[in-house]
Amino acid sequence: MKWFYNMKLSTKLILTFIVVAIISGIVGLVGIVNITKINDNDNILYDNMTVPLSEVAEMARLFQRARVNGRDLILYEEKADIDQAYSEVVAYLNEIDTISQSFEKTIVQDEVEAAFSELM
């Protein structure tokens with residue numbers, strides 16, 4: 001350590017500024033790497049969690065419509081009304097199947113996959 005004490009003041013200052021610059025560069029590099037990881041994870045989160053929410057909401061809406069038409073199916077007395085309600089229920093269920101196939105491709109969590117399997 002005696003070598004450091006024997007240096008000129010200007011050399012000591014330059015050396016400490018270089019050390020501080022190296023430490024700052026390392027901190028910046030670590031920050032950039034972690035920001036890149038966060039950005040990648042954010043894209044995965046958006047593509048696999050946020051976007052499919054609209055599909056889930058659409059499936060819930062279609063299910064409610066099918067449920068209401070199923071209720072009406074029981075209440076109707078005319079054959080034409082019953083056939084109309086039945087065809088609407090089938091159409092809603094087919095739309096749910098189509099949307100669920102699209103939703104199934106975006107599942108990344110085991111809990112969601114288990115709940116989806118139970119739904120289907």
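The values are calculated or read from the model by the stated rules, or taken from the named source; none is laboratory data. Just so it is clear, the structure is predicted and the values come from calculations on it, not from any experiment. Here Cβ is always computed from backbone atoms with ideal geometry, including for glycine, and neighbour counts include all displayed protein chains.
Below are the figures for this structure:
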{"item": "Candidate set: the stretch 9-36, residues that are under 30 Å from Lys105 (Cβ atoms) and not hydrophobic (A, V, I, L, M, F, W, C); chosen: the one farthest from the chain's Cα centre (by Cα)", "result": "Asn34"}
{"item": "Unique match (being in a helix (DSSP H, G or I) and within 20 Å of Ile107 (Cα to Cα)) among Asn69, Asn39", "result": "Asn39"}
{"item": "Cβ-Cβ under 8 Å pairs, at least 6 apart or on other chains, the stretch 12-26 side closer than 23 Å to Lys2 by Cβ, far side part of a helix (DSSP H, G or I)", "result": "Lys12/Phe4"}
{"item": "Close pairs (7 angstrom Cβ cut-off, 6 or more residues apart or separate chains): on the phi > 0 side of the Ramachandran plot in the stretch 36-51, surrounded by 10 or more Cβ atoms within 10 Å (Cβ to Cβ) and in a helix (DSSP H, G or I) anywhere", "result": "none"}
{"item": "Criterion violated by Gln84 - all others in (1) modelled with pLDDT under 85; (2) over 14 Å from the mean Cα position of the chain (by Cα) satisfied", "result": "(1)"}
{"item": "Given (1) under 30 Å from Leu93 (Cβ atoms); (2) not in a helix (DSSP H, G or I), index of the condition Met7 fails", "result": "(1)"}
{"item": "Residues of the stretch 48-81 classified as surrounded by 12 or more Cβ atoms within 10 Å (Cβ to Cβ), of a type in the set (A, V, I, L, M, F, W, C) and more than 35 Å from the chain's Cα centre (by Cα), total", "result": "1"}
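Residue by residue, here is whether (1) modelled with pLDDT of 90 or more; (2) closer than 20 Å to Leu119 by Cα; (3) not in a helix (DSSP H, G or I) holds:
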position	(1), (2), (3)
Leu13	yes, no, no
Ile18	yes, no, no
Ser24	yes, no, no
Gly31	yes, no, no
Asn43	no, no, no
Asp47	no, no, no
Phe63	yes, yes, no
Val90	yes, yes, no
